[in-house]
């Protein structure tokens, strides 16, 4: 599946499992957070990605970090 | 449109071309500036001098699209332009996308739009046929050739002229399909086309508009799956030992992460030319989430993390090249019995 | 396939002028029509009323709620055999009317008019038979910016307006409408029966022997029959539960196949499209020269499940292979999931090494469906293309009818025929 801060472009080119990333310059992180909080965020992103991988989806489906 | 009244032309630029700054200004909020800026100064010669320039940072547009659009469209509503010119955005993905989205929304409100970008730019699809898009090369080297074309189309649209077809006028087909009379009936054309096809000459009057793949069935057992990390963020070992191009990448690369728990700041960097790499360089896990993936692997959340990650820099990459990379990487992953991939993009 | 009946001969008579008069008759291109003499609707208890008028190209008229278009046609040897199963007996041999390989239609001489069509109209919504969303608008414009969309805007038309009898069941009303429209078509053509035609085209079937090195081409004609007001009829019987079946092309163009489907006017087949069938005529003409005309298969569209669609597509391809096809031309019936039936049929043929071309109409959203094997398509237009607003002096057959508003091309009867009857196509812009 695809983690990106530009999910609409991902839809246009036909990616089917899309998870909205944090930002263009840091899709799986956030420099404004403290180290510990950022680590938890990144863990949550990968967990959500795994959730999406085990879920049947329709075409070009976008998930948010928080369901 | 009253004859004799001056046409109003608005020009949309990103932060760089409007002179607000480089990548560090990619988060700039939308602004309204008087007169032409940057490339807009060249439009006067063709009679399409912008009265107002609107500008916005590429990242800001992408990350705050609804609010930015609201602001820009409110200005368009106030200024009532005859024509909106967007770009040229060349090969830039984010800038092209912003131009395309603005074009689409302006088009829906009855504004004629001219833009310029590579045929592969996401902005072409985003525009949904609302703009006359002059095709460009991916770098600014084609600037000199493109500006007069843009200006001429804009000037004619501002006069209320109806433009001819794409080939004749030099713009990309807008994805519209208009009714025309063929010389022969569909029946006659069908027989001719079939006989030609049987003789080896295959042609079609219409093709599929997208390369669509149905969603792959979900992973049935996460606990046994081999998971791979792939990225187009241009993440490479420090120093870029294999010289991954920063744009127009013609290769993808694979690096071992067999014993690694994390992508360390000194050990890895991003060479992607399309975004501000500061945050990614300070912590490359922000581009390829190895540390979190490894921790989850240890905790048994999934089977096994594949021992390599795959990387390329997705800047000005033609769609056909990207598709080829995808097929090649997928072939290797399948060979290695990888069952799931997390792809990160910028 | 053995044929037990004489070859089909079609004699065409021109209609250059239509006038109203006391006696219906044709002479040298001039058709006189006595509307009272036609007595449309008389004796049909399911109809409350039938009005008739003649319209001509250039009249500031929009015809609305158009159901079908029929080419005036009569069997010269025995008029009672015209439109078998609807107007007369379905079979001379007593064979089942579903046997599409034998029919009373398709043999002997037929007289046909060129330059005149009979149009049936009925405001089903007003009569309470359909909901507002159920049947889309259906127009023929005789002038204005949309006049050239429907082919029937360029011919004189005898327009019959039907009003259902209160409380009559919908299938009885529809049967009465179809009977009367076909009967009027026959009556009009019958005015030529005492005239010896200057020229008649002979269409032999099976076709004359031809050079075996020429490619064999089969026509795959898609039809659909989904219930009253959306049916296709073979000799008066609706083609529900249709399996892909070989059919005599002469019977198809000679009145065995008639239309009773009234949705999506631009892209489904009117009776006149079966009678005119440019594909069948052109395949006959090219036989022995550029190709061998190897047969026609009538196949269903709009099958309900993916499984049924796959099975039918496979059966159609198998049949085409058995007919010796090197190439197949697939037509499409109407909009929507019938395009999936077309694409699956293309795929099944290609997988058996049969080259295919399919005719499809586009939408603003592109193709409705596609398969990788569909590499050779004919576009019959873009059904979403808008025609500029027009306010006709008169609307007949209904009210409102988008007068003064833009009209999407899908509303024009026969405009984007996916049997390839017209020259409309779409190009990039």
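Every number in this text was worked out from the coordinates using simple rules, so none of it is lab data. Note that the coordinates shown come from a computational prediction; the quantities given were computed from them, not determined experimentally. Glycine gets a Cβ as well: all are built from the backbone with ideal geometry, and neighbour counts include every protein chain shown.
Over chain C, dividing the summed -39,500 (n - 2.57) contributions of all DSSP H runs of at least 4 residues by the number of residues returns a 222 nm mean residue ellipticity of -5000 deg cm²/dmol. Pick from B:267, B:249, B:98 the residue whose mean-square fluctuation is largest in a GNM of chain B, springs joining Cα atoms under 10 Å. Per the Cα network of chain B with a 10 Å cutoff, B:267 tops the list. Neighbour counts of other Cβ atoms within 10 Å put C:396, C:378 in the fewest-to-most order C:396, C:378.
At 1.002 mPa s and 20 °C, plugging the Kirkwood radius over alpha-carbon pairs of the stretch B:1-125 into Stokes-Einstein gives what diffusion coefficient in µm²/s?
Values: Rh = 14.3 Å.
Translational diffusion coefficient: 150 µm²/s.
Quick one: B:125, C:343, fewest Cβ neighbours within 10 Å first, how do they rank?
Values: B:125 21, C:343 25.
By the 10 Å Cβ count, ascending, the order reads B:125, C:343.
Shielding of peptide B:197-203 by partners, expressed as the average count of other chain Cβ atoms within 10 Å per residue Cβ, is 4. Taking every DSSP helix (H) stretch of at least 4 residues in chain A, weighting each as -39,500 (n - 2.57) and dividing the sum by the residue count yields a mean residue ellipticity at 222 nm of -11500 deg cm²/dmol. Angle of helix B:93-108 to the longest C-alpha principal axis of chain B, folded into 0 to 90 degrees and rounded to 10: 40°. When chain C is treated as a Gaussian network with alpha carbon springs shorter than 10 Å, the biggest mean-square fluctuation among C:269, C:364, C:337 belongs to C:364. Value of Rg to Rh for the stretch B:222-344, rounded to two decimals, is 0.96; Kirkwood radius and Rg both from alpha-carbon coordinates. Residues B:197, B:324, B:144, arranged from fewest to most other Cβ atoms within 10 angstrom of their Cβ, appear as B:144, B:324, B:197. Taking label positions 7 Å along the Cα-Cβ direction at both residue A:66 and residue C:201, the computed distance is 7.1 nm, reported to one decimal. Note on chain C: GNM, Cα springs under 10 Å; of C:304, C:341, C:123, the largest mean-square fluctuation is that of C:304.
Looking at chain B, what % of the alpha carbon pairs are farther apart than 39 Å? Result for the distance tail: 30 percent.
Take the Cα pairs of the protein assembly as shown, get the Kirkwood Rh, then feed it into Stokes-Einstein at 37 °C and 0.692 mPa s and tell me D in µm²/s.
Details: Rh = 30.5 Å.
For these conditions, the coefficient is 108 µm²/s.
Estimated purely from DSSP H runs of n ≥ 4, each contributing -39500 (n - 2.57), the mean residue ellipticity at 222 nm for chain B is -9500 deg cm²/dmol once divided by its residues.
Go through A:5-14, C:162-171, B:215-224 and give me the packing order, highest mean Cβ count within 10 Å leading. The partial results should precede the final answer.
Values: A:5-14: 19.2, C:162-171: 16.1, B:215-224: 12.9.
Ranking, from highest mean packing down: A:5-14, C:162-171, B:215-224.
Against chain B, whose longest principal axis is taken from its Cα atoms, helix B:143-158 shows a tilt of about 50°.
I need the shape label for chain C. Rule: rounded when a/c is under 1.5, else prolate if a/b > b/c, else oblate, with a, b, c from the alpha carbon gyration tensor. List each step's numbers first, then the result.
Working: a/c = 1.56, a/b = 1.20, b/c = 1.30.
Oblate is the answer for chain C, as a/c is 1.5 or above yet b/c matches or exceeds a/b.
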